[in-house]
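Trainee: Handing you a structure now.
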Amino acid sequence: MTETRDCGDLYEDWREPAPPPPIRDGARAYLAVGVAMLVMLAGAAFIAFIAFEAPEAAPQPAIAAPAAQSPKPAPEPAPQPTAQPLAVALAPAAPEPDAVVETRGRAPRLNPARAGEATDGEADAPTPALKPAADAADAAPAQRPITLGGAFLASAEDAPPPFFFADDLSPRRTPPPPLAAAYAGDATDGPRMVVVALKKGEAFVDALKRAGVRAEDRNAAAYAFGKHQNLRMLRPGQEFALRVAEPNRTIFQIATEGPGETHLLGLEYRPDPENRIVLARNAEGGFDAEKNFVNLTTRLVAVHGRIEGSLYLSAKAVGAPDEIIAGLADMFAYDVDFQREIFGGDEFEAIFEARYDERGELAGIGDILYGRLNWRGRTKEKGYYYFADYDGGKGGYFDRAGQSARRLLMKTPVDGARLSSGFGTRRHPILGYAKAHKGVDFAAPRGTPIKAAGDGVVERAGPYGGFGNYIRIRHANGYQTAYAHLHAIRRGVRAGARVRQGEIIGYVGSTGRSTGPHLHYEVHQNGKAVNPQTLKIATGETLKGAALEAFKAVRDRIDAMRLPPEPPSGLLARDDAEGKSAL
């Protein structure tokens, strides 16, 4: 018998629930308005809390009443110092001599605050408030040169100055524009600095135009600038530091008018490291120009290293300027053939003067005080000292014994050349048969300068058969030098003219019987051709008497600078009072 069930109640349980009754439009609008008002009230309360909240003053501790004592006269109040543009700084501890500073192969920047210590300040400069003078026992040690490309020992002279300007404490920010300018248009970022370099074929006004300066400012600046600088003497690559600004404009003006005009506010130009021309806008809208002398600070700098590849690349790797590298090459031009006698691992060293401007930037190079070269696989070594009082103040380089670095003849009359053919019998590349080669050939690019190997008188200058353009110079002690296949002879070099050692007399070429640009160089002694590479030239002048004594004093002072530093260790500071490590 089949059993039946009533499923009506079960069916009702599985049906979808009925949707809630819809909210009327009026109730929805009231709810949205209420939520919006709550959000606005919360935001206003938060803004008011931020704007009007002030930190509470810290409660002052109660001071106990002093015990009854006999009355004493009240001390007179100390006089208050008047406001000064300089503020006294806490005297910093002088750096210890063992403080190590790393230059990382770059030319060091001088502390701008110390750039004017070695020079006299201007008369209208404010008097700084200095810290009390130190005792004689605390005097700074002798100055040591800054070492490029490695660590050097700092001295007390490297300490910051004992005073500072009060405005150094506040950041230098451009003041906001006045309210009238801000309301008239969108406020700009204020004046800005632009550096523009003169291009080839450009005039002064063209460079300003390229920087966006408007026409009236360009003309006014050129008129004022021309009072101190010949505009026709400007050369490509020279830079001008411009201080410019743009007028305030609205967004609508920017969108419709495009780029606006740039107003020139000032200009600075440095024709050389020691002079500066400054232009500033005056009250009439024009420009006032003045030429100022820049006081430079001279510091001693040392550079040393090992040669890997070439002297130039190795010296540049440790931060040596180009002038120092060229000076070392000239100093040893009588001893070393830099193309054939420099090997990997050879060493070089130099101590020279570096001049810094008031910003601490390297502005120029002075004299090389000492140069040392260890060459030919470190089998030969020689060092030369600079003696400024030699030859009526012209100066010269001498070794430890007082012998001059100069010789009668230079070893190589052209720099950067490759020896392409030696001295002796060879097969002539053009004639095709064996022929005596009475000189040496130096292959070099066309136009490379050729120097006179020594002081002398020009005997011949001009075309000379298969030698092409040819120069022959007569020197002392029966020596003659000849230079052939020149591309051109320098103006003024002619028969009867006197030339100085190292003076440029012509340029490498390929005139006459020649297969390519090179210099054919010959040396004759008493009319007989000799090998320039093996010729032994007598040493130059030797100092004697009072000159030798004065030179020895200079030599000893330079040797004191070259004293090796203390052995390297992990000690970076030392307590000199107790002789113990401070770490």
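The values are calculated or read from the model by the stated rules, or taken from the named source; none is laboratory data. In this text, all values refer to a predicted model and were calculated from it rather than measured experimentally. Neighbour counts run over all protein chains shown; Cβ positions are idealised from the backbone, glycine included. Surface accessibility is based on the protein's heavy atoms, side chains included, excluding ligands, DNA and RNA. Shrake-Rupley method; radii C 1.70, N 1.55, O 1.52, S 1.80 Å.
Trainee: Do we have F348 as of a type in the set (A, V, I, L, M, F, W, C), surrounded by 14 or more Cβ atoms within 10 Å (Cβ to Cβ) and in a loop (DSSP other than H, G, I, E, B) here?
Mentor: It is false that F348 is of a type in the set (A, V, I, L, M, F, W, C), surrounded by 14 or more Cβ atoms within 10 Å (Cβ to Cβ) and in a loop (DSSP other than H, G, I, E, B).
Trainee: Before we move on, is L419 farther than 30 Å from L486 by Cα, surrounded by 14 or more Cβ atoms within 10 Å (Cβ to Cβ), out of contact with any helix residue (DSSP H, G or I) (no Cβ under 7 Å at 6 or more places or on another chain) and modelled with pLDDT under 85?
Mentor: The answer is no for L419.
Trainee: Follow-up. Given the conditions (1) touching a Phe, Trp or Tyr at 6+ places or on another chain (Cβ under 8 Å); (2) on the phi > 0 side of the Ramachandran plot; (3) touching a residue at least 40 places away in the same chain (Cβ under 8 Å), and given that G360 satisfies all but one, which numbered condition is not satisfied?
Mentor: Unmet condition: (1).
Trainee: Among residues belonging to segment 351-382 that are of a type in the set (D, E) and farther than 29 Å from E341 by Cβ, point out the one that is least open to solvent (accessible area, probe 1.4 Å).
Mentor: Looking at the filtered set, the residue picked out is D357.
Trainee: Say whether the condition of being aliphatic (A, V, I, L, M) and under 18 Å from P321 (Cα atoms) is met by at least one residue in segment 369-392.
Mentor: Checked against the condition, which is being aliphatic (A, V, I, L, M) and under 18 Å from P321 (Cα atoms), segment 369-392 yields at least one hit.
Trainee: Collect the residues in segment 471-513 that are without any contact (Cβ under 8 Å) to a residue 24 or more places away in the chain and closer than 28 Å to F332 by Cβ, keeping them in residue-number order.
Mentor: Across segment 471-513, the qualifying residues are R472, R474, R490.
Trainee: Give segment 449-504 a look and list any residue that's of a type in the set (V, I, T) and part of a strand (DSSP E or B), or say none.
Mentor: Residues satisfying the conditions are I450, V457, V458, I471, I473, T481, I489, V499, I504.
Trainee: Condition first: open to solvent by less than 30 Å² (accessible area, probe 1.4 Å) and small (G, A, S). Now tell me which residues in segment 291-325 satisfy that.
Mentor: A302, G305, S314, A315, G319, A320
Trainee: Check H228, H263 and return the single one that is within 24 Å of D357 (Cβ to Cβ) and open to solvent by 40 Å² or more (accessible area, probe 1.4 Å).
Mentor: Just a single option satisfies the conditions, and that option is H228.
Trainee: Further question: Over 27 Å from the mean Cα position of the chain (by Cα), in a loop (DSSP other than H, G, I, E, B) and exposed (fewer than 13 other Cβ atoms within 10 Å of the Cβ) - does that describe any residue in segment 202-225?
Mentor: No, there is no match, as no residue in segment 202-225 is over 27 Å from the mean Cα position of the chain (by Cα), in a loop (DSSP other than H, G, I, E, B) and exposed (fewer than 13 other Cβ atoms within 10 Å of the Cβ).
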